[in-house]
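As structure tokens, the structure follows; a few thoughts come after it.
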Number of protein chains: 2
Amino acid sequence: MESPEIIPKILIVGAGAVGGFYGGKLSQAGAEVSVVCRSNYEAVRNRGIVIRSGTGDFEFKPKYVLRYSEEYPETPDYVIITTKALPEIPLASIIKPVVKSETGIVLLQNGIDIEVSIAHEYPKHDLISVLAFIGVSQIEHGIIWHQDYGRVELGLYPKGISKKTRVLLDLFSKAGIEATVTETIMASRWKKLVWNAPFNPLSVLAGGVETHTLLSDPHTRELIKRVMTEVVALARHDGYILPSEIIKKNIEVTEKMPSYKTSMLLDYEARRPMEVEAILGNAIKKAEQFGVPTPYLYALYSLLKLVNQHFKKTLFF
Amino acid sequence: MESPEIIPKILIVGAGAVGGFYGGKLSQAGAEVSVVCRSNYEAVRNRGIVIRSGTGDFEFKPKYVLRYSEEYPETPDYVIITTKALPEIPLASIIKPVVKSETGIVLLQNGIDIEVSIAHEYPKHDLISVLAFIGVSQIEHGIIWHQDYGRVELGLYPKGISKKTRVLLDLFSKAGIEATVTETIMASRWKKLVWNAPFNPLSVLAGGVETHTLLSDPHTRELIKRVMTEVVALARHDGYILPSEIIKKNIEVTEKMPSYKTSMLLDYEARRPMEVEAILGNAIKKAEQFGVPTPYLYALYSLLKLVNQHFKKTLFF
């Protein structure tokens, strides 16, 4: 007879592509995973979530499928937020009804400084910040296509590693996800931004183009390097010295991968709101705070902000 | 009996909206005006050009309507180039068959440094550079809608005023066009670029927006000022000190005018090639030559160049 294990209770808030995939994986690892859904609620309630993947298809039946976090009848060990990082989503209040004193709050989102408002509202909770390196999309409600990758990197925000961080790490690992833990998750976020800040915005602003198109034109290639240089400088002012070869390596790796559409371009084409503030706006704010000139980030941000607004207007009015 | 006047012979190359309008006006002033047409050749040959204008509709029957400049049977006093300023149009060779030693070459186009290749090919000719401040569009082949304005400013390139410049000036004036002559047409081009360099590219890159939309967002408003500041700096390095209030005034004037779509945005929406090199590319080259950092111009140029290429691909393939 096996010794009784404590089964972690997890509530995923925003069970789209990312939340559905990782929720399913954590469920496979033995956690009791529930989901809060929005647009795909009916489908997920009726049929659960199906993940199609080159590494093996699987089904994910959440313990509870909910419309609102307040409907969750138990106390979660972790609330994992996997919505897009958009300032118009009031995350702190969305999770308020379900966050108890022992609940770890997990932000599995893109961008820089996206933890600020949650950290401010929940100063005594473990706030675990997670970066996901994954290609995944929801092809129809409740059906997720896992294209590639899946690695996660996690750490306590703003720094350190807690017991809850380690438990979550082990759970990811048990699920077959390549997972690493870091004392300095902010450094990891800056590192990821070195790629995201140029490639995501440029792919949209240059007329809807793929990664290799951006790299094969000498001017956009140079622009990418200049944006990357600004991000490295911001990271340095924030106290994180990124590896000196990071720009060269990011470009080399992107050149070796097949050409593809960035996630922001996919959002743009599908007329979904883009993560402009998480990727660029917060970086601009840091730059102002540090007094560091970042003209390229500023130009991209100003343009993309209007593109995004124009889009939303098209969508909702 | 009046004294016999010399009637100037003018060949307009590129009789679209701008060429049709000014050609018609110069014809009204007594010049013998012929046109080289491309897409609108049949219509113009059959029915001439009709100009609809708040200041009075009029018809323009060119002396000759031609497909190629070599078909022009006479010797022109002026060849007036009114095509768009696009590097892929080989202007120097297009006009070669018709330019004789006494022919003045007139460039009535947008942008900075657009005179270079013609000046190089025709070093002994009067090269008259003209800026037009006009709102005009071809609503169907041979039918032109003159929305507003019409002022021209002209001077010899790179500087000075020749007899031919004055004769052309008088002809514009006689046609009822507000026309001024300048010793420093390059300064005028830089001045006009102060407006064109931010507003035209931003209107496209920010998602297809009008002038007041760009000015009412604090970030794009600031971006406009920063681009203008770079243009003023380039002009200074080129030897032209622009008025210190020029940025403030440009913004004030644009705010007082009704909100509108820039000519570049109209081109973009109609999937016509945009004047990216004339407005931004040549400015970037100047910046490199002077060793002046112009990150905002560089970012706009890099992005817009790709948008333009992507468009052309869509058009022709």
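The values are calculated or read from the model by the stated rules, or taken from the named source; none is laboratory data. All values derive from a computational prediction rather than experimental measurement. Neighbour counts are summed over all protein chains in view; Cβ atoms, including those assigned to glycine, are modelled from backbone coordinates with ideal geometry. Protein only, heavy atoms only, side chains kept; ligands, DNA and RNA dropped before computing areas. Shrake-Rupley method; radii C 1.70, N 1.55, O 1.52, S 1.80 Å.
A few comments on the model shown:
- In nanometres and ascending order, the distances from the B:Tyr64 label point to those of the other copies are 8.6 (point 7 Å from Cα along Cα→Cβ).
- Charge tally for B:Ile161 (other residues, Cβ to Cβ under 11 Å; Lys, Arg +1; Asp, Glu -1): +2.
- Association of chains B and A removes close to 2300 square angstrom of accessible area from solvent, both sides included, for a probe radius of 1.4 Å.
- Spatially, the stretch A:52-98 and the stretch B:1-62 are offset by 69 Å when compared through their Cα centroids.
- Label point of A:Arg221 (7 Å along Cα→beta-carbon): distances to the other copies' equivalent points are 4.0 nm, sorted ascending.
- Overall form of the stretch A:187-311: oblate. Here a/c, set by the Cα gyration tensor axes a ≥ b ≥ c, is 1.5 or more, and a/b is not larger than b/c.
- Rounded to 10°, Cα long-axis angle of helix A:295-316 versus longest principal axis of chain A: 50
- Under 9 Å, Cβ to Cβ, from A:Lys305 - net charge with Lys/Arg +1 and Asp/Glu -1: -2
- Both the radius of gyration and Dmax for the stretch B:198-264 are 12.3, 35 Å, in that order, over alpha-carbon atoms.
- Degrees, to the nearest 10: B:246-256 long Cα axis against longest axis of chain B: 80
- Cα-based helix-to-principal-axis angle, B:185-205 vs chain B, degrees rounded to 10: 60
- For the stretch B:147-161 versus the stretch A:168-206, the spacing of their alpha-carbon centroids is 55 Å.
- Probe 1.4 Å - accessible area at B:Arg47, Å² to nearest ten: 130
- Residue-averaged [θ]222 nm for the protein assembly as shown, counting only DSSP H segments that reach four residues, each worth -39500 (n - 2.57): -13500 deg cm²/dmol
- Here the protein assembly as shown has 53 percent of its accessible surface on carbon and sulfur atoms, given a 1.4 Å probe and all protein chains in place.
- With its label point put 7 Å out from Cα toward Cβ, A:Lys261 sits 2.4 nm from the same residue's point in the other copies, in order from shortest.
- Here the Debye sum runs over all C-alpha atoms of the stretch A:22-68 as equal scatterers in vacuum, and log10 of I(q)/I(0) at q = 0.18, 0.22, 0.31 Å⁻¹ comes out as -0.51, -0.74, -1.19.
- Surface exposure of the stretch B:187-311, expressed per residue as accessible area with a 1.4 Å probe, stands at 38 Å².
- The H on the amide N of A:Gly160, modeled in the peptide plane, is under 5 Å from the matching H of A:Thr184, A:Ile185, each at least 5 residues off or on a different chain.
- Packing-based order for A:55-68, B:129-142, using average beta carbon neighbours within 10 Å, highest first: B:129-142, A:55-68
- Peptide A:106-115 is shielded by partner chain Cβ atoms: per residue, an average of 0 of them sit within 10 Å of its Cβ.
- Three-way shape label, the stretch A:1-159, alpha-carbon gyration tensor, a/c 1.5: rounded
- A cut-off under 14 angstrom between Cβ atoms defines the neighbours of A:Ile51, and their net charge, with Lys, Arg +1 and Asp, Glu -1, is 0.
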